[in-house]
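For reference, the structure discussed in these notes is given below.
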Amino acid sequence: MDTENQGWADKPENRRLIRRVLYVACALLVIADFVVHRHIYTPAERIPVFYALYGFVALVGVVMAAKGLRLLVKRDEDYYER
């Protein structure tokens, strides 16, 4: 990759910093889950870090659905050139 055409987020030191900031934010949110009082509506919400697990499972489900949908709607490489 041409280093002079890189954006600020493409530089390795910035990528490392962004990743560390996101890790710290995730850790703080997990800690906050044990401290903040939640109004629980279902028994599943009593599980520690339920919302993080639920979000992760939902993300995996969306990615799997997108892979399946891609098989239905994908076109040949030269589809628009015909």
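The values are calculated or read from the model by the stated rules, or taken from the named source; none is laboratory data. Keep in mind that what you see is a predicted model, and the values were worked out from it rather than measured. In this analysis, Cβ positions are derived from the backbone assuming ideal geometry, glycine residues included, and neighbour counts consider all displayed protein chains. We work out accessible area using only protein heavy atoms, side chains counted, and drop any ligands, DNA or RNA first. Shrake-Rupley method; radii C 1.70, N 1.55, O 1.52, S 1.80 Å.
General observations
- Only listed residue being closer than 26 Å to residue 9 by Cα, open to solvent by less than 100 Å² (accessible area, probe 1.4 Å) and of a type in the set (Gly, Ala, Ser), chosen from 61, 68, 55: 55
- Residue match in segment 37-44 (condition: open to solvent by less than 100 Å² (accessible area, probe 1.4 Å) and either in contact (Cβ under 8 Å) with a residue 40 or more places away in the chain or assigned to a helix (DSSP H, G or I) (or both)): yes
- Flag for residue 19 being open to solvent by less than 70 Å² (accessible area, probe 1.4 Å) and free of Cβ contacts under 8 Å to residues at least 40 places away in the same chain: no
- Failed criterion for residue 77 (all others in (1) assigned to a helix (DSSP H, G or I); (2) at pLDDT below 90 hold): (1)
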